[in-house]
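As structure tokens, the structure follows; a few thoughts come after it.
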Amino acid sequence: MFFSKMKLNEDKIPAQLKLACALNKLLLINKKKHLKNKKEGINDLSLDHSYDKISSRTGLRLATISDVFSGKSDVKISTIELLLDSMGFTYTKLGTIMDKISNEEATEYINSKKGKA
């Protein structure tokens, strides 16, 4: 596991860990929208709200998606673009969210993923 071998320095969190945290926040936005739509009887097939949906739309393996969302993978920009397109978000939205993520929040997110691995 990548982050278990890496010492998380509180002063400098690797970008891939903040990216993982930010992508998870975007996915949560879609999950909430999906649940709201479901309650209202709306079936939005263009709303990717799970790893499975993202995998189907992008052609990326589930393991790859899981690694990106858990911070285990230093991902290529082309993969980030596929993920953002699939979830319907822009680089601007991703950047805005990443800018707001503190080192502590990123560390907490990654630590929460350790227990689920």
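So here's what we get for this one:
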item: Neighbour-count ranking [beta-carbon atoms within 10 angstrom, fewest first] of 27, 84, 35; result: 35, 84, 27
item: Gained length - residue 61 relative to residue 93, 0.36 nm times residue gap less alpha-carbon distance; result: 9.1 nm
item: Degrees, to the nearest 10: 77-87 long Cα axis against longest axis of the chain; result: 40 degrees
item: Top of 44, 85, 74 by mean-square fluctuation, Gaussian network on the chain, Cα under 10 Å; result: 44
item: Flagged links, alpha-carbon separation over 29 Å, of 76/114; 53/93; 36/76; 39/100; 31/72; 36/72; result: 36/76; 39/100; 36/72
item: Electrostatic dipole magnitude of the chain [Cβ: Lys, Arg +1; Asp, Glu -1; Cα centre; debye, to 20]; result: 320 debye
item: GNM top mover of 40, 105, 81 - the chain, alpha-carbon springs below 10 Å; result: 40
item: Nearest-ten-degree value, helix 15-39 long axis tilted from longest Cα axis of the chain; result: 20 degrees
item: Compactness of the chain as Cα Rg over 2.2 N^0.38 Å, two decimals; result: 1.07
item: Nearest-ten-degree value, helix 103-114 long axis tilted from longest Cα axis of the chain; result: 70 degrees
item: Spin-label pair residue 85/residue 114, simplified geometry with 7 Å Cα→Cβ offset, distance in nm; result: 3.6 nm
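Read-outs throughout are calculated quantities, based only on the coordinates presented, and are distinct from any laboratory measurement. Fair warning: this is a prediction, and the values are worked out from it, not measured in the lab. Virtual Cβ from ideal backbone geometry, glycine too; neighbours counted across all protein chains shown.
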